[in-house]
1. Once each part is reduced to its C-alpha centroid, what is the distance from segment 1-78 to segment 111-131 in angstrom?
2. Enumerate by residue number the GluC sites (Glu not before Pro) in segment 163-210 meeting two conditions: DSSP loop (anything except H, G, I, E, B), and at most 15 other Cβ atoms within 10 Å of the site's Cβ.
3. With a sphere of radius 13 Å drawn around the Cβ of Arg284, what net charge do the other residues whose Cβ falls strictly inside it have (Lys, Arg +1; Asp, Glu -1)?
4. Let me have the 222 nm mean residue ellipticity of the chain computed from DSSP H runs of 4+ only, each contributing -39500 (n - 2.57), with the sum over all residues rounded to the nearest 500.
5. So for segment 7-89, averaging the separation of alpha carbon pairs under 8 Å that are six or more residues apart and normalising by length, what relative contact order in percent results?
6. Taking the Cα centre of segment 7-89 as origin and charging only Cβ (+1 Lys, Arg; -1 Asp, Glu), how large is the dipole, in debye to the nearest 20?
7. From the backbone phi of segment 5-21, what are the Karplus-calculated ³J(HN,Hα) couplings (6.51 cos²θ - 1.76 cosθ + 1.60, θ = phi - 60°) in whole Hz, Gly and Pro given as x?
8. Could you give the dipole magnitude of the chain about its Cα centre, charging the beta-carbon of Lys and Arg +1 and that of Asp and Glu -1, in debye to the nearest 20?
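What follows draws every value from the coordinates through simple rules; no lab data is involved. The model shown is predicted, which means the values in this text are computed figures rather than measured ones. In this analysis, Cβ positions are derived from the backbone assuming ideal geometry, glycine residues included, and neighbour counts consider all displayed protein chains.
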Amino acid sequence: MDIDFSPEDRAFQQEVRAWFKAHTPAELKRKTVTGEMLQKDDIVQWQRRLDTQGWLVTGWPKEHGGPGWTPTQRYIFDLERAAASAPVGLSMGVIMLGPVLVAFGTPEQKAQYLPRIRRCEDWWCQGYSEPGAGSDLASLKTTAVADGDDYILNGSKIWTTYAHWATHMFCLVRTSSTGKKQEGISFLLIEMDRAGIEVKPIVSIDGEHHLNQVFLTDVRVPRKNLVGREGQGWDIAKYLLTHERTSIAGVADCKAHLANLYAAAGERRSGGRPLAEDGAMRLRLARAEIELMALEYTNFRVLAATAAGKAPGPESSLLKTMGTAVQQTLSELDVEIAAEMAWPWHEGAELDHGRYAHAMPRYCFSRAATIYGGSDEVQKNVLAKMLLAGGAR
């Protein structure tokens, strides 16, 4: 595995770095550095700016608007984005659904939805988890019963990120209750303004409204909105989750976060000297850097395999477990370095806490990182089956 960038890749890196320096709005940088929640307009305007440059759907094929980059170039792009304190944006349509439609969608579905995802005209949410069916996703109970040219849906989805902003949902539903439970699951596209859909907010531990529960009561959805075949939803879901789990690892953003922590430790003082000179803090920062370095080299191995034409496999689960653990470590250091500046944010809303203003909310929400996208326990089972048991299923 060669981890050195080629001269062409280094020239590409300079091009990307210069673009982000010239085009990332200062207010967006501030929110990204402090961890403040982005609003819908922030994300839409930023993603449209990237799309105008041709850099939004970096993992899509060229015929659908992708830039045609190599895996290494996509990695460089993400490094430079994070280093410039530019946000990821919203992954639901771009990173998750887009590749699914490219791989499994009909020509009509691709023509209808892919351009609208790129232009942020459709805003997607993910209908996977249910009460009692989160990590054990195959136990989902939301039903889709065929009725002429429609399906009739009944059930509910939970932890649905940004469903209150969404125009559409990609959803796993049960179209059959016979045979293995995985075989009765299908993948549907649903417009959120259909009769019978109710969205109720869930305010999470960080005090923000990211999440929701969605209730589906006799919701009619055209059968043409089925992606793939009936009963193929489990395979499609696994394909999508591979993309999600790899992106959740967040190597580039962790590197930018660690750089901000080093800068913060140089600013903050303890006992009359910079916190960066405290032996215990230096040791903790060094341990975090070593963990992140191990994560990055694992990511390099995945990049090398992808460049060789191999699809991501159990490595995506490894990246997910390692990446979310590193994210939690960094968020803990955030709070420790901020100290009194991380005092509960509602209490000190009138104070200027600068880069530390959202250290506590970020720490609180990161507690869920080892659960969402597939819990650590589930990922370890995947790794045991695919690696330790020699691929046995």
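1. Value for the Cα centre distance between the two parts: 20 Å.
2. Numbers: sites: Glu183, Glu191, Glu198, Glu208; in loops: Glu208.
In loop regions of segment 163-210 (DSSP not H, G, I, E or B), the sparsely surrounded GluC sites (Glu not before Pro) are Glu208.
3. On the way: positive: Arg282, Arg287; negative: Asp278, Glu289, Glu291, Glu332, Asp334, Glu336.
Neighbour charge sum, excluding Arg284 itself: -4.
4. -14500 deg cm²/dmol
5. Numbers: 67 pairs, mean separation 34.2, N = 83.
Taking the mean separation of contacting Cα pairs over the length of segment 7-89, I get 41 percent.
6. Working: 12 positive and 11 negative charges, 33 e Å.
Computed about the Cα centre, the dipole is about 160 debye.
7. For segment 5-21, the Karplus curve yields 6, 6, x, 5, 5, 5, 5, 4, 4, 5, 4, 5, 4, 5, 5, 5, 4 Hz.
8. On the way: 45 positive and 48 negative charges, 141 e Å.
Charge dipole of the chain: 680 debye, to the nearest 20.
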